[in-house]
Structures are given as C-alpha cells and as structure tokens.
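Worksheet: the structure to be examined is printed underneath.
The values are calculated or read from the model by the stated rules, or taken from the named source; none is laboratory data. Note that this is a predicted model, so its numbers are computed, not measured. Methodologically, a virtual Cβ is constructed for each residue, glycine included, from the backbone with ideal geometry; neighbour enumeration extends over all protein chains shown. What goes into the accessible areas is simple: the full protein's heavy atoms, side chains included, and nothing from ligands, DNA or RNA. Shrake-Rupley method; radii C 1.70, N 1.55, O 1.52, S 1.80 Å.
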Amino acid sequence: MHQKSFPLSSRLSVAADDTDRFIDLERLAAIALRQARVVAIGAGIGLALGAAYLVFTPGEYTAATRILLDDSLTKFAEDKSPAPAAMQADAMISSEVEILKSARLARTVAIAQKLQDNDAFLNPPSSPLGWLRNQMKTVTGLFSSGPELSPEAAENARIGKASALLQGGLNAERVGRSYVIEVSFRANDRQLAGSIARAYADAYLSDQLDANFDATQRATVWLQGRLAELRGSSQAAAMEVERFRAEQGLTSARGQLISEQQLSDLNSQLIVAQADTANALARYNQFKAIVDGGPENAVKNATIPTDKGANSAVINDLKARYLGVSKREQEITARFGEGHAQAVALRREQADLAQQIFQELQQLTESYRNEYEVAKSRETSLRNNVGQMAGQSSEAGQSLVQLRELEQKSAALSSLYQTFLARHEEASQQRSFPIAKARVISEAGDPVSPSSPRKALVLGLSLVLGLFGGAAAGALREFRERFFRTGDDVRTALDANFLGYLPIVGAKLSNSNAGSVAEAAEPVTPRILRVAINAPSSSFAETLRNVKLAGDVVLQGRPCKVIGFVSVLPHEGKTTVAANFAGLLAANGARTLLIDGDLRNPGLSRGLSLTPDKGLVEAIVGEQRWQSTVMVDRTTRLAIIPAVVRRRLSHTSELLSGPGMRALIEEVSASYDYVVVDLPPLGPVVDAKAFAPMVDGFVMVTEWGATPRALVRATLQAEPQIASKVLGVVLNKTDTGQLPRYGAFGGAEHYLERYSSYYVEPMGAKA
C-alpha cells in the first residue's frame, strides 16, 4: 500500500463532486436496486389501503336512462319550424341538461318518491372519509344549534336534504353530438337507483308538458286581454274614419268620391266640346273662304256638306241644273255661236243658277258660323265648370289626406287584431295538446352489479399510487443520501486511503478459540472489545489487519508507532475499533499499549470488567507512575491505561497536550511497539487536536450510512495537522447485506460474498 506524497489537506480541495457527473443507466439501476424494498413496501401499503378502502366503502349502483329530444312529435299540432342551427342546438341541449340538474326537478322527484321519509336514502352508509366528515359536522353542529323547527319547516328541511342528495347523485350529459341525453343516478340500493332514474325521466317529461301548458295558458290569458283592447281600438278607429268622411262630405260611390266622379265627367265633356268647336270652326272657315271668293268662284269651288240635309239637296239640285245649262250653252255656242238667242237665254239662266247657288252658300256659311259660336260658348261654360270643380277637389284632397291616414290606422289595428285573434286560437288549441317534445328511448332498469368502487381499478390505482409513493420515498432517501457507503465514497469525498469495512457485530459473540485456550481468569476487556481476538478469521479482523499494514507501511522505520483513533461524531464505534485493533496486535505478539485518551467520556474505561482506581490523569500529573496504572489482559498481554475521572475536568486539552503527556508518550514508546490511543471525537472537542503533535498517524472511524460526507470533509479541512497524518478511513457498522446495493456495477462490493469461505464471522454479525 503506497501513501501519496502530498498532504491530505491539499487533496480535499480537489475532491470530485458526484453531482457533476451525467446520470447514466447503471446509476439509475443501482438506485432502483437499493430502493426496491422501499418501493415494494410503498406498493404493499398502497394495496393494503386500497383493500381497506374496498372493505369499508359501501358499494354504489348506477341506473341510467336515455331521453331523446324530438321536435317531430308535435308536427301534427304545430307548424313545422326550420331546423335549428348547430350552435342553437347545442345551446338548447345544454339548457335541457341544466333543467334535469335543477333543484326544482329534484324536489319534484323527491316528493313523488317520498324520499323525505326514506331513512335509508337520507342517511346512506358512508365511507371512512364520509363518516369522518359527518362526525366533524356533528361536533360543529353541537356548538351552532338553532331554534327548534316547526313540523312544516322540518318537512321542508327533509325535502331539501333529499333534493340535495338527488342532485349530488345525479349525472346528466349529452351523448356525443346527438340529441340524446343520458340521465344516470347512483345510490347504495340498486332498486332505489333504478326507481329514481325512471322517476327523473317521468318527471322531466311531465315538466315539459306542464311547462308547455303553463306557457300557453299564460299566453292565452294575455292574448285575451290584448284582444279586447285591440277590438275596442279597431272599432274606434273605424268610427273615426266614417265620422270624418261625413263631416268633410267625402261621399263615395263605387269606391270613388262623387266630386271626383263629377270632375272626371266635366273633363270628358270639355274634351268633347273642344273637339266640336274645332270642327265647327274648320267648316265655317272653309265655307267662308268659298263665299269670299265671289259668285263665280263660289259656284266652281262649292262644297256640298253632308251634314246639312235640305241645304245639301238644294245645292246639289242647283249645281246639277247649273252644270246641265252650262253644257247645253256650250253646245249651242259651239253650234250656233255666242249670239244665238238660246245661248244668251241659257247664259242668263246659268247666271241665275249661279246666284242661287251663291245665296245658298251664304246661308250655309252663316249656319256654320252659328254652330261655331254655340260650340265655343259651350266649351267656355264647361271650362269654367271644370275650374270650379278643380278648386273644390283641391279642398277635398286635403281632407282626403287626413282620411287616408285615419283609414291606414284603422286598417293596421284591424290587421293586428286579426293576427292576435289567430294566435289566440292557436294557443288555445296547443294548450290541450298532450305531447312533449321528448321521449324515453332507453328505460332505466335495476342495476345488477355495483358501479363503484371498481375493485380492479381501485387496486390497480392503489398499487400505482403505492409504487409512486414508494418511488418518491426512495427518491427522497436518495436525495438525502449524504453518507459514506462505499470505499469509492471515501476516495471521492476525502481522497484518502480506504482501509476496509467493519461489519455490524451483535451482542452474542462466540469465542472461536475457547476450546484450545483456557483462560485462567476473566479477561479485562468485554467481549465486544474482543471480536478480533475471538474471531481472528473474520472479515472484521481482516480489516483491522489491513489497518495495521497501512500503519506499518506509512510509519515504517519507527521503533514505536503511536496511532490515534478518531471520529467526527460520537457513538460511531471508535472505541470498539481501537480496542479490537490493539487486542489484535497484542494477540499477534506485538507489545501493545492501549490508552483511553477520552478524559471527558471514557467509554473504554467504563467497559472494562475491572473497575480501575487510578489511570491516565494520575500518570500525567505525576501522582502515580504510569506503570502502576497499567492493566494487563492475561490472554493477549494487552496493556491498558484507563482514564479514571472522579470529577468532571474542564481542561482536558491542556492535560493531553502538556509536558506530562509528552513525557508519558516518550516513556511508553521505549517499552512498546504500538501505542493505540482512543481519542475524543473531532469537531467542537479540541482534545484530539491538542494531542495531534504526539501522534504518528490517525485512523478515521466513520459509521457506515450515518456520518455525512460533507461533515467529515469539512472537519478535516479545518484540522490540517490531523488530516496530514490520516492513515486511512474505516467504515464501521457496515451492513454487508445492503452493501452491494450501493456499489457500482462491477465494483468490489458486489463480490464480497465470494470471499465468505475465507472468513468465519462471529455470531451476531449481520451478513
């Protein structure tokens, strides 16, 4: 075994930190292996709690019924309305679900089923948690008792409690995206669960019918009052129209006012008169132009009118005679000449006829002038009449505007009255229509098996929660793991030599050499301090031999080796290790002196079978020679200087570091090969620090799984004079059965069992 050349105090500052390493699978597997028992215990506790829950929790039965919201059921009694939009349908179904969950419907069901008188329903068996809550409510109710209730109030209170229990056990939800609502109820009694689920469906359908009847009843009553009001208003408006028409003289015939009809007739007559006047003027101007042209032109241009019967006949006759005379005159003139008497007579006759025709034309022209004057006078008269009637019509039009307004108001009131009358009749018909807009498509039956608690689910969940709880506890233990478990922990945290594991030793020890070595007297040291002697082939003794080897290698060349045993905390087994180490050295033939240097708490001295009357303090102060204070174990020849403390000393550090102690060490070094000193623990106690200059090497004893690594590291960093002399660290009270769980895969801790054939463990040691 080789000691490094640089001191331990400088090596502590560069100690590696486990938390800086990346988490690997091997470390996780090691953690799982170490905490497997904790996880298993957690799983067992979880299963036990789940089983207890199943045992003490009463079963609940769930009955379910399904209700379809179907508007087509009322298609024969109501006008078919368009299908609602998706959002409206969702809102409508959600509203129906809330109606099913309402307190009013729950109260209806409670009264219908007489649940307020059902003690089994009002006070169902409860789970342990429910029982605890009930007890707490009972206790709190004792301090808040109210006045005594009347019978009616007590009945209402029971109904309210039953309604609350119904709402608590009811579940109503939409089935997918359909128009179906599933209503389920859970209770401790399967028959009660089925009857309540069916009662809820019946109550819901009855509630719909009652709601429709109440709505139509209220609408009918309101419409009746409104109809009476509208009837009076409509009649009053019609009477106002007729009264205004009579006052303004707006008499009508065939849907039109008489004044309007008269004005229309006058306009028609005026148009005809204007046409007649124009026609008469045209004829008059025509004949006047003929007359103004003279007799000759008048005869030549004479126009025979068709509308003048007598005049036309005369003119036609004269013109025919005139033409005949003219023809004969031309013939005679052509035959006999113009001077012929007959020609002259014919010309005179022709002139007479022309004069007669002209006179007739003059009379006819005068007749046409008279007709023109008459037509013009009639036109003027009609025009005046039309103007007069137009003025009267304008006044009537202003009144007519007011009349139209009154008629519109009367028509609107009449139409509104007809509309409300139709609604009233429709509401009256729907009020007596006994069909709801829903129907039960799946009737609830009495459940056969309980729906909760589900045994497999509860046990599975309990197991999972137990596993999680155990894993959490194991993780917490791993998180709180700050102790020395393996040699790697020692080397990593302290960068010091690891000298081995000392297993836990029980109270009953066997003396392996009792048959070959006869003890002349009772040994000085008790059995707990003689483990290495009684079981020299044990792993306990082998670890102490490794400590001796480390001391011999590091301290070689020294005639006497002064080795101090220290620990950081009390009760880590430092005294036991020091006594067994010294006993092992003495049993191997080395001259060994064991000094109890713990003057404040001399555990070694108290454990001796013989009570000493003098010891180390007397030797230091010079009251006794050190030889007279030595007690010798006759079996191993181990010399022991005990510490006899008759009063509590306050300056033990001065005693251990004073010249008396130094002189004692120098004297005993000349007589012994090994001086083993059991020192007080490090930390607040400074005795070991004061004695450090006289020690050749220290053995640090640390309790396995109990001493924090950080505490040991900090203590050694604070005591460099001790850290520089540390030979190594021993892990005491090691649980060798648990040790492999803390070692890395492939580490030495996993193979310690293979060396069991080389050791004979003492009785009481925990393997």
- Task: Give the residues of region 659-681 that are loosely packed, with under 15 Cβ neighbours inside 10 Å and either outside any helix (DSSP H, G or I) or basic (Lys, Arg) (or both), sorted by residue number.
- Result: Ala670, Ser671
- Query: List pairs: first in region 270-297 and closer than 26 Å to Leu382 by Cβ, second at pLDDT below 75 and open to solvent by 70 Å² or more (accessible area, probe 1.4 Å), Cβ under 9 Å, 6+ apart or cross-chain?
  - Reply: Arg283/Asp307
- Message: I'd like to check something: does region 588-596 contain any residue that is open to solvent by 60 Å² or more (accessible area, probe 1.4 Å), aliphatic (A, V, I, L, M) and part of a loop (DSSP other than H, G, I, E, B)?
- Response: no
- Give me the pairs, please: first residue somewhere in region 33-53 and over 30 Å from His750 (Cα atoms), second residue anywhere and surrounded by fewer than 17 Cβ atoms within 10 Å (Cβ to Cβ) and not small (Gly, Ala, Ser), beta-carbon distance under 6 Å, and either six or more positions apart or on two chains. Gly46/Leu463; Leu47/Leu463
- Here are Ala164, Ala219, Ala154: which of them is more than 30 Å from Ser449 (Cβ to Cβ), aliphatic (A, V, I, L, M) and surrounded by fewer than 16 Cβ atoms within 10 Å (Cβ to Cβ)? Ala154
- Within region 640-651, considering residues that are modelled with pLDDT under 85 and not aliphatic (A, V, I, L, M), the one farthest from Val686 (Cα to Cα): Arg646
- Within region 622-658, how many residues turn out to be farther than 17 Å from Tyr672 by Cβ and in a helix (DSSP H, G or I)? 6
- Tally the residues that are modelled with pLDDT of 75 or more and among the small types (Gly, Ala, Ser), restricting the search to region 749-767. 0
- Task: All but one of (1) modelled with pLDDT of 85 or more; (2) under 29 Å from Ala48 (Cα atoms); (3) of a type in the set (A, V, I, L, M) hold for Val440, so report the exception by its number.
- Result: (2)
- Query: In the set Ala578, Ala541, Ala582, which member is touching a Phe, Trp or Tyr at 6+ places or on another chain (Cβ under 6 Å), within 21 Å of Arg637 (Cα to Cα) and open to solvent by less than 10 Å² (accessible area, probe 1.4 Å)?
  - Reply: Ala578
- Among residues of region 446-478, those that are open to solvent by less than 70 Å² (accessible area, probe 1.4 Å), within 30 Å of Leu192 (Cβ to Cβ) and within 27 Å of the chain's Cα centre (by Cα), counted: 6
- If we ask which residues in region 716-747 are more than 14 Å from Gly500 (Cβ to Cβ), buried (at least 20 other Cβ atoms within 10 Å of the Cβ), more than 50 Å from the chain's Cα centre (by Cα) and touching a residue at least 60 places away in the same chain (Cβ under 8 Å), their number turns out to be 4
- Message: Just to verify a result, which residue in region 416-430, among those that are among the hydrophobic types (A, V, I, L, M, F, W, C) and at pLDDT 70 or above, is surrounded by the fewest Cβ atoms within 10 Å (Cβ to Cβ)?
- Response: Ala422
